[in-house]
Amino acid sequence: MSFLEPVIDLDQTEVAEIRIDPISGNRSLFTKKPFYKNEVILGFLAKNVRSTPTYLTVQISDDLHIELLPECLACTNHSCEPNCFFDTTSMEFLAIKEIREGEEFTFFYPSAEWDMDQPFQCHCGSNQCIGLIKGAKYLSPDSVKKYRFTDYIQQKLKST
Ligand SMILES: [Zn+2]
C-alpha cells in the first residue's frame with residue numbers, strides 16, 4: 001500500500017477533509033463547510049465491531065467498540081473544548097457549537113469512552129484543559145456536569 005492511498009480512500013465526504021501534519025505525520029479532520037449548533041454533520045456506521053478498544057474505535061457498550069465509517073471520522077482529534085459529539089444512539093456526528101468553514105473538528109474522547117486503552121496527556125491549549133485523558137470513569141464531578149456524553153456513558157456515570 002502506498003503512502004498516499006489511505007488518505008484518498010478515507011476522504012469520502014463532502015463535508016470533511018483530512019489534513020496531515022508534515023512533521024509529526026498526525027492526521028486531523030477539518031470541515032469544508034460551516035455548521036450551526038446541533039446540526040447533524042453526517043451519519044456514521046460501524047465498519048467493524050470489536051470486543052476491545054483501539055485508538056480508532058468508539059465505545060458503544062461495555063464490550064463493543066466500533067470502527068467508524070466513513071473512516072475519516074477516526075481522524076477526529078480530542079479537545080477539552082470540543083465542537084463535535086458522536087451520538088452512538090442515533091449514529092450521528094453532531095456539531096455541539098457553531099463551527100466555521102475550515103475549522104478542525106474535535107470531540108471530547110471521554111464523552112464516548114469509559115476507560116481508555118491509551119490514556120494521554122492533553123495539550124489542546126484550552127484554558128479548560130483537564131490534562132490527563134483516561135476516560136469518563138476518571139472525570140471529576142465538575143467535568144461530568146460540563147460535557148455531553150453518549151447514552152452508554154451516561155448510564156455508566158449514573159451506576160457508579
Ligand atoms: Zn485538553
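Just so it is clear, none of the values below were taken in a lab; they were calculated from the coordinates. This structure is a prediction, so every number in the text was calculated from the model and none was measured. Ideal geometry is used to build each Cβ from the backbone, glycine not excepted, and the neighbour counts take in all protein chains shown.
Over the Cα atoms of the chain, Rg to Rh with Kirkwood Rh, two decimal places? Display every interim value, and only then the final one.
Numbers: Rg = 15.2 Å, Rh = 16.1 Å.
Taking Rh as the inverse mean 1/r over Cα pairs, Rg/Rh reads 0.94.
Over the chain, what is the percentage of antiparallel beta bridges among all DSSP beta bridges, to the nearest 5? Write out the running numbers ahead of the final one.
On the way: 25 of 28 bridges.
Of the beta bridges lying entirely in the chain, close to 90 percent run antiparallel.
What trypsin sites (Lys or Arg not before Pro) does segment 29-95 have in DSSP loop regions with at most 16 other beta carbons within 10 Å? Intermediate values should be presented prior to the final figure.
Working: sites: K32, K37, K47, R50; in loops: K32, K37.
Sites meeting the loop and neighbour criteria: K32, K37.
What per residue convex hull volume, in Å³, do the alpha-carbon atoms of segment 78-130 yield? It would help to have the intermediate numbers written out before the result.
Values: hull volume 5.3 nm³, N = 53.
Hull volume over Cα atoms, normalised by residue count, gives 100 Å³.
What's the extension gain from V144 to T89 if we count 0.36 nm per residue and subtract their Cα-Cα distance?
Values: separation 55, 0.36 × 55 = 19.80 nm, distance 1.92 nm.
In short, 17.9 nm is gained.
Let me know the charge dipole size of segment 5-109 about its Cα centre in debye, to the nearest 20, where only the beta-carbon of Lys, Arg (+1) and Asp, Glu (-1) is charged. Numbers along the way, then the final one.
Details: 9 positive and 18 negative charges, 24 e Å.
Charge dipole of segment 5-109: 120 debye, to the nearest 20.
Before anything else, pin down the relative contact order of the chain: Cα pairs under 8 Å, at least 6 apart, normalised by residue count, whole percent. Write down the numbers at each step before the final one.
On the way: 314 pairs, mean separation 33.8, N = 160.
Answer for the chain is 21 percent.
Given H placed 1.01 Å from N in the peptide plane, which residues other than close sequence neighbours of S79 have an amide H under 5 Å from its amide H?
F107, F108, Y109
Using R₀ = 25 Å, calculate the FRET efficiency as 1/(1 + (r/R₀)^6) where r is the Cβ-Cβ separation of E39 and E81; round to 0.05.
Efficiency for this residue pair is about 0.85.
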